[in-house]
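Presented below is the structure to which this report refers.
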Amino acid sequence: MSLLEVDDIEVRYGAIRALKGVTFDVNEGEVVALLGANGAGKTTTQKTVSGMLRPSLGEIRFDGQRIDGIPAHQLIHLGICHVPEGRRVFPMMTVAENLEMGAFRFKKPDSTIHDRVIELFPRLGERYKQFAGTLSGGEQQMLAIGRALMGKPRLLLLDEPSMGLAPLIIKQIFDIVKEINEQGVTVLLVEQNAAQALALADRGYVLETGEIVLSGTGQELLTDDRIRAAYLGEEIAS
Amino acid sequence: MSASVQRRPGESILSNPLVGRALGCLALSFVLALMIGKQEGTQQDFGLAFRQAVLGPRILWFLLIGVLVFVLLTFWPRVQPYLNRPGIRPLAVGGLTVVVAYALLKWTDSTAVSDGKFGTLSDAASQTGTLAPLARTFFTAPLPWVLFLVAFAVGAAAVVIRRAVLSWVGAAIAVLAGVWAWYSHSLVQSLLGSPDHSTGALVALLGFLTIAAACAATALSAEESANTRGFINGVFAWRPGMPLVGVALLLGLAGFAIATWFSPGNRNATLVDTASMFSTTGLSPLSKAYLGWLGYVLFALSLALAAYAAYRRDARLGWGAAGLGLVSLVLNLVALHDISAVGASTAYDGATGAWQNLGTGGWLACATFLLLAGAGYIVATAGSERGTIARTKADIAAGIGKIPGKSKALILFVLAGALFYPPMATPFWQKVLVSEIGIYVLLAIGLNVVVGWAGLLDLGFIAFYAIGSYTTAYFVGALPIQPPEWMRLSPLLCIPIAIIICLIAGVSLGAPTLRLRGDYLAIVTLGFGEIIRIVAVNNPGNFTNGPRGAFGIPQPEIHLGPIHIDWGQASLQYWYLLLVIVGLVILAFNRLEQSRLGRAWAAIREDEVAAQATGVNTTRVKLLAFAIGASTSGVAGVFFASQIGYINPDNFVLNNSILVVAYVVFGGMGSLPGAMAGAAVLTWLPEFLKDQVPAEDRQMWIGAVILLMMIFRPAGLIPAKRRAAELHGLDEPSSAETTAVAANEGMGATK
């Protein structure tokens, strides 16, 4: 059975149908990438899974339990942690306080997770007492991921971790995501950077105007002509 | 900014920056001349005010100010380096303080003085005919000003030239001048012989001491640039508790040697006089001994013990000093009660009752013993403080780490003032303390939760205050619709009920509106505030009694077994009731800020989406902020209704809501001490200005103060750590605290 099953969900912003029946699943231990152009519905899908939006039709199941309509602050207790788009660290809190907020769901935070996060991101240890707003973009992204890890996720929702970052930093971030995955956390990754995402992902889905138009393993998608034309910007000799 | 600016052909003379600046300074002179002083314009003759302000010889003073500003601006680059020298800030503060004390404050509030209302330094000087020569000399017309100018000029010269000898000379002159002023004033007071509530001499003394401190700082510091905060921290860190001992020494000397202890029938009796007055009466032996010798001995002993304990940093001696101070405090209070009660029972010179007719001396002694006990306590506990403690001199100067006992010491200063200043104040100020300062401090503490911590702008906060007041009016039976007999309550018992009703009101306002953000929420709450007031005016079901409101609300009382306390008409007793309420609220809220809930508020204030993503139930947390704020406001409402005895909808106008927001912002959003300080300062200021400026100008001066504050200290009087960082650019949190205070912010930053 899959860890996460998204079954034909439809999400509306007023009269606009942002998702028109999206179906996919994520198996335990996988990295699954959601690809698509701007406005395709990637972020909407992720927000719906994390409980910030409510689907008007369809079902979402996590570990066999229906979760659509459960608000985000309760979903986190099931182990679904969301790294929102644009990082969204708390700028006026120190790195330490940000991490502490990540463990907000526990009445008594577990210090071993904290140590593991610092081990994973030594940079955060160096900047421990600094306000998060003073960090560079890459460091902020690391902090956002670290903060989510503090909530002991089973499923980590990552929304465009590469946004606005230099290629070298993007590679670093993806390496860390891989490491996190190897430690047993399932990852649902939303990305525009298709090449990097697919190299990492076990499987991928391509969204277009609110519908899934293509799916397959990472390797399959990477070699798919349509993907290469649309997202990797390569000229295809036809 | 060079002084020689060439004018290119074809350019208007006005575009020369020097000319523009000169015109600006001229305009400043005229505007100040129009603003300051009494004017008598009429509807028929608007020009009168202008002619009086501008055409008289007094305009010369204002032109002088204009010239000074012009010179300062023109030679700014050459002046600026000196502005960061050590000692310059305290010098400026001390100078301003003395000027205020000389020009504005009362030196006597005796009605025997010609003016009757003001009693400033010049009025006091006119009463000096029969004074002792030393005091008479002080009051000779230009001498106080000459003394001040000399002390200030020597201080300024010391800052510029940086000679240690000069600094010490300046410090000596300043101390002498301050003591001389205080001594002369006390002689005037005993000559006029009426209860003394004037503050002029005391403030002048403080100002001179600040100047002396500036000189000392100049002499002692080797650094090139000022670090006033580092210096103050150093004083607090040298020996924890010692600053308290120092202040206690000054207060104790004033209290035991000069100040009045008992003043029935326009007589000022110092401790010695009081002791001889009561030597033949039926005063209890203990109190007789206290007045005669025990008081001095206790003062000397506890002072010595506290000082020695602080010097040795010995925790056991510290506990000893704390105990001795508290015992002395109790004995002192017993003696004060006894002399006033015995004085009243023998109808001595028309003495009126227990705790009446007491002068300042006894209360100063109380404050002294409290501070000494506090010093002992700080010594005893300084070793066990948590968090990183500042270790080295460099740490202290840079503001890294905690100064052990510093916040405790500051709290003790405030506590001593709050406990023992009000009985020394005039009835007018006692009333202001209760019905303005105290109540608005409580309201500001409540609103700070909503605005400062949760970041929700609430412009209808006064509505909950109204709900609290009307709840009280209903349950004590002061409204047309009476509660059933078994539900009638005494006012104090209404507090829990008002809390519950305001919680419900807060939640029911919050639930439908909290999805709104920022400006929209502000507008909705503003509407809510007005709705509550208009409902009260419209009198639905004859419940609120319409615009006439409720009257005959009884005063609070406590009858609990053997304890009977009745709050009557006098303001002073309400002050202590309010102190208890505010104290409890502060204790609770201090806990709250550090709690999970406090962290959740901080998170949603910074980023609601991220807060949600980390598992904060944003709706619930925001509702809680609303409800907690509302119930604090409700408690204030209960207090207000039962103290004043009558309420009507006019007490709850929109203006009051906006004022509370202004207090919180002025004091420092999100900082508990800040919100309290903001409310205290901005409610005190209008009352203080009543004596100083024409009534119609008052709001303008307050507006000017708020404006200056927002320009030079935008994070508020006592900024919260995070707000300060927000406004000063992001920096390391430890240094953010220091940049919020000193650095190049303020005057230095305006180019």
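No lab work stands behind these numbers, since they all come straight from the coordinates. Because the structure is predicted, anything quoted here is derived from the model rather than measured. Heads up, the Cβs are rebuilt from the backbone with ideal geometry, glycines too, and the neighbour counts pull from every protein chain shown.
Restricting to DSSP H runs of at least four residues, report the calculated mean residue ellipticity at 222 nm for the protein assembly as shown, -39500 (n - 2.57) per run over all residues, nearest 500 deg cm²/dmol. Each step should come with its number before you reach the end.
Numbers: 43 runs with 560 residues, N = 989.
After summing the helix terms and dividing by residue count, I get -18000 deg cm²/dmol.
Could you list, in their original order, any pairs among B:Lys106/B:Lys288; A:Lys107/A:Lys171; A:Lys178/B:Lys622; B:Lys406/B:Lys622; A:Lys42/A:Lys171; A:Lys152/B:Lys622 whose Cα atoms are separated by more than 31 Å?
Values: B:Lys106/B:Lys288 34 Å; A:Lys107/A:Lys171 35 Å; A:Lys178/B:Lys622 37 Å; B:Lys406/B:Lys622 34 Å; A:Lys42/A:Lys171 21 Å; A:Lys152/B:Lys622 26 Å.
Pairs exceeding 31 Å: B:Lys106/B:Lys288; A:Lys107/A:Lys171; A:Lys178/B:Lys622; B:Lys406/B:Lys622.
So, in Å, what gap is there between the alpha-carbon centers of the stretch B:583-620 and the stretch B:686-717?
A separation of 33 Å, based on Cα centres.
Would you mind checking which residues have amide H under 5 Å from B:Phe262's amide H? H placed 1.01 Å from N; only 5 or more apart, or other chain.
HN-HN under 5 Å from B:Phe262: B:Ala269, B:Gly359.
Return B:Phe688, B:Phe640 ranked ascending by Cβ neighbour count within 10 Å, so the fewest neighbours appear first. Don't skip to the end; give the middle numbers.
Values: B:Phe688 16, B:Phe640 24.
With the fewest neighbours first, B:Phe688, B:Phe640 line up as B:Phe688, B:Phe640.
Put +1 on the Cβ of each Lys and Arg and -1 on the Cβ of each Asp and Glu in the protein assembly as shown; which of A:Leu157, A:Ala37, B:Thr614 then has its Cα farthest toward the positive end of the dipole?
B:Thr614
Select from B:Val272, B:Ala307, B:Val330 the residue farthest towards the positive end of the dipole of the stretch B:237-424; place +1 on Cβ of Lys and Arg, -1 on Cβ of Asp and Glu, and compute about the Cα centre.
Most positive-ward Cα: B:Ala307.
Whole-Hz ³J(HN,Hα) for each residue in the stretch B:482-490, computed from phi via Karplus 6.51 cos²θ - 1.76 cosθ + 1.60 with θ = phi - 60°, x for glycine and proline: what do you get?
Here the 3J(HN,Hα) series is 8, x, x, 3, 6, 9, 5, 10, 7 Hz.
Restricting to chain A, compute how many DSSP beta bridges are antiparallel as a %, nearest 5.
Working: 22 of 41 bridges.
About 55 percent, rounded to the nearest 5.
Would you grab the residues whose amide H sits under 5 Å from the one on B:Lys402? Only those 5+ places off in sequence or on another chain, please, with H modelled 1.01 Å from N.
Result for B:Lys402 returns B:Thr388, B:Ile389, B:Ala390.
Tell me which residues come under 5 Å, amide H to amide H, from A:Leu19 once H is placed; ignore anything under 5 positions away on its chain.
A:Val11
How do B:Trp684, B:Trp238 line up, fewest other C-beta atoms within 10 Å first?
B:Trp238, B:Trp684
State, as an integer percentage, the relative contact order of the stretch A:87-151 based on alpha-carbon contacts under 8 Å between residues 6 or more apart. Walk me through the numbers on the way to the answer.
On the way: 79 pairs, mean separation 36.6, N = 65.
Contact order relative to length: 56 percent.
Please state the shape class of the stretch A:87-151: rounded when a/c is under 1.5, otherwise prolate if a/b exceeds b/c and oblate if not, all from the C-alpha gyration tensor.
Judged from the Cα gyration tensor, the stretch A:87-151 comes out prolate (a/c at least 1.5, a/b above b/c).
Please give the charge dipole size of the protein assembly as shown, origin at the Cα centre, charges +1 on K and R Cβ atoms and -1 on D and E Cβ atoms. Round to the nearest 20 debye. Mind showing how you got there, number by number?
Working: 71 positive and 68 negative charges, 495 e Å.
About 2380 debye.
Mind sorting B:Ile258, B:Ile711 by how few other Cβ atoms lie within 10 Å of their own Cβ, fewest first? Display every interim value, and only then the final one.
Details: B:Ile258 19, B:Ile711 11.
So the ranking, lowest neighbour count to highest, is B:Ile711, B:Ile258.
Which ³J(HN,Hα) values in Hz, rounded to whole numbers, follow from the phi angles of the stretch B:700-711 under the Karplus curve 6.51 cos²θ - 1.76 cosθ + 1.60, where θ = phi - 60° and Gly and Pro get x?
5, 5, 5, x, 4, 4, 5, 4, 4, 4, 6, 6
Go through the stretch B:601-607 residue by residue and turn each phi into a ³J(HN,Hα) via Karplus (6.51, -1.76, 1.60, θ = phi - 60°); whole Hz please, and just put x for glycine and proline.
Rounded to whole hertz, the list is 4, 4, 5, 6, 5, 7, 7.
In percent, how large is the relative contact order of the stretch B:467-532, given Cα pairs closer than 8 Å and 6 or more residues apart?
Values: 35 pairs, mean separation 17.7, N = 66.
After rounding, I find 27 percent.
With the contact rule set at Cα under 8 Å and sequence spacing of 6 or more, what percent relative contact order holds for chain B? Walk me through the numbers before you get to the answer.
Details: 1209 pairs, mean separation 85.7, N = 751.
Normalised by residue count, the contact order of chain B is 11 percent.
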